[in-house]
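Read the structure below first, then the notes.
Just so you know, all these numbers are worked out from the coordinates, no wet-lab data involved. Quick caveat, the model's predicted, so the values are computed rather than measured. Virtual Cβ from ideal backbone geometry, glycine too; neighbours counted across all protein chains shown.
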Amino acid sequence: MDLFLQLAATGLVVGSLYVLCAIGWGLIYGTTLHFHVAHGAVFTLAAYYAYAAQKLLGLPLAIAVLVAICAAAISGMLIDLLIYQPLERRGAIRTTLFIASLGLLTLIENVLAIIFTPDPLRMDVGSLGDSVQLGPVFLTRLHLVSVATALLGLLALMAFLKYSRWGQAIRAVSSSPEMARTVGIDLRRVHLLTYAVGSAITAPAGILIAMDVGVEPYRGTTFVLLASVAVIMGGIGSIPGAALGALFLALLENLGVWKIPSEWQSTIAFGVFLIFIVVRPRGFFGRKIQSAEI
Amino acid sequence: MAAEPAILSVQGVARSFGGIQAVDNCTFDVQSGLITGLIGPNGAGKTTVFNLITGFLSADQGSIRLKGKEILGLAPHRVERLGVVRTFQHLRLWNKMSVIENVLLGCATTAGENVFSLFLRAGAVRAEEQRALDRAMEVLRFFGLVDRAHELAEDLAYPEQKLLSMARIFATDAPVMLLDEPTSGLDSESIDRIVPMVRRLVDHGKTVLLIEHNIELISELSDQVVFLHQGQVLAAGAPAEIMRDPALTEIYFGV
């Protein structure tokens, strides 16, 4: 039973990182319909930004994290501005954007591997690395920070979408792009904003990994794949759905280890995903996919 | 009527899809402060004309001028800023948003437009939000939807959704409103509710271009009618004149 609780706690911690990645990716996909796998690169870049800001520029941890989040938001916007928007202006179909995105992901990962080597690089976290005992469960303070960050990030994003004018514009574009344009909403600006917000919300996940086990160039690919699975499970267009899907996947992976050897982790996740997509393609709370299509 | 320059002028516009000439050398004027009915049999190109005017489609040739200014080739949100808005035949409401939010998004604001002013000029943004909110309530009152303001758009009855689709473009302050079949799918009682509304739009200084299949309605509502057939304007004039022309009624009713 102790092992079960420990695995559940670990699942929750990993899940909080998946949540941050999935709600960022889900926001972008639900609004722009870009299958933005290069989001994985933004996630990894955020981690390297934070590492570089702390280790190379010598900034204090908190400042390094803030700088990295802003830099990640700008990176996401630049990808839209310099790659997707020019392609869309020339009438590229969504598959083209996906392939461009995939190419960019590979490119950034490999450039990062050249600059920083493929070895994990860990940030200094001071007392955040101290362990905490909660009953039979052992975690670090950093793990608790991860869970709190995910919770706060999720609530902040939902409040932003619900109450701010820009959030309303994002929801309007996500629900009916044509109508949004009809009342004078500039799609390209809303897309840029979506990339900024979606990248900024995912950045802490990468940074937390750099703080915990260290950043590697290729981890973003797994994360973005899991994020897309979580979003489709949760239902496209639903932020709480994406979070729920992400948490579900993480718990499944980690609790699965209780009875099944750990090398089966991703097989479990993707196996369940296959069942989902066949049996319930709309996910937990999703809208019909057609309604989002132009 | 001809002495006054048209607010919207469509000149020699053409658009084909593959081998099909959807709109061909289409020319007509829309006079300010009037209701112009765009009629014609199915497939005549009426909705394509709407898409061309509002920037959802690009034209192969021709010119569309709003108050003398070329708008053909502009993106839809630019066309809206210059003063032309539209509804869709399939309403495309923001179903998961409340009625007032649907209207609020149409209310023009400038301070909230710029992301940075959200942080730097929060006070100005808040004042403007309040003005937008007041404006949205006023629009809902005009359309008789005020007591539904906080319900989700998808929970409204269909005739009310039709009104909402008009309300949110009315809120943009654009002077030219293009209505794509505002009464389609409605029973006669609901039609009686919508029709005076279209009239009142004009009383509020709007110019209306309207696609409508109900001939009786068109005659009753429109000040002038443009008859479209196979993408071309066959005739334009007062509704009574158009309806009297046996050649046109034959095309329209296929008898």
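Values for this structure:
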quantity	calculated
Order of B:M243, A:M1, A:M179, A:M158 - criterion: other Cβ atoms within 10 Å of each residue's Cβ, fewest first	A:M1, A:M158, B:M243, A:M179
Efficiency of FRET between A:T95 and A:F285 - r from beta-carbon atoms, R0 25 angstrom, step 0.05	0.40
Lys, Arg +1 and Asp, Glu -1 on Cβ, resulting dipole of the protein assembly as shown about Cα centre, debye, nearest 20	920 debye
Region A:189-294: trypsin sites (Lys or Arg not before Pro) in DSSP loop, at most 12 other beta carbons within 10 Å	A:K288
Which of A:T117, A:T202 has the fewest Cβ neighbours within 10 Å, and the rest in rising order	A:T117, A:T202
GNM result for chain A, Cα springs below 10 Å: residue of A:T31, A:T267, A:T182 fluctuating most strongly	A:T182
Overall Cα dimensions of chain A, principal axis frame, Å, largest first	57, 48, 36
Square roots of five times the Cα gyration tensor eigenvalues for region B:118-255, Å	36, 17, 12
Counted charge near A:V173, where neighbours are those whose Cβ lies closer than 11 Å (Asp, Glu -1; Lys, Arg +1)	+2
Degrees between helix A:141-163 axis and first principal axis of chain A (Cα, 0 to 90, nearest 10)	20 degrees
Neighbour net charge for B:Q11 - beta-carbon separation under 11 angstrom, K R +1, D E -1	-1
Whole-Å distance, taken between Cα centres, linking region A:115-140 and region A:1-67	15 Å
Whole-number percent relative contact order across region A:2-292, with pairs defined as alpha carbons under 8 Å at least 6 apart	37 percent
Inter-chain Cβ neighbour average for residues B:76-83, partner chain, 10 Å	5
Fraction of beta bridges assigned by DSSP in the protein assembly as shown that are antiparallel (%, nearest 5)	60 percent
Contact order normalised by residue count of region B:180-255, Cα under 8 Å, 6+ apart, percent	21 percent
Cα-based equivalent ellipsoid, chain B: semi-axes from gyration tensor eigenvalues, Å	33, 22, 16
In Å, descending, principal axis extents of the Cα set of the protein assembly as shown	88, 49, 47
Cβ-based exposure ranking for A:I74, A:I69, B:I64, A:I260, in which fewest neighbours within 10 Å come first	A:I260, A:I74, A:I69, B:I64
Computed over chain B: relative contact order in percent, which uses C-alpha pairs under 8 Å that are six or more apart	27 percent
The protein assembly as shown: calculated mean residue ellipticity at 222 nm from DSSP helix runs of at least 4, using -39500 (n - 2.57)	-18500 deg cm²/dmol
Unsatisfied cross-links (Cα-Cα over 24 Å) in the set B:K46/B:K67; B:K46/B:K96; B:K162/B:K206; B:K67/B:K206	B:K46/B:K96
Of A:T140, A:T95, A:T106, the one that fluctuates the most in a GNM where chain A has Cα springs shorter than 10 Å	A:T95
Mean-position separation - Cα centroids, region A:235-284 and region B:5-28, in angstrom	52 Å
Radius 13 Å from Cβ of A:F43, net charge of other residues (Lys, Arg +1; Asp, Glu -1)	-1
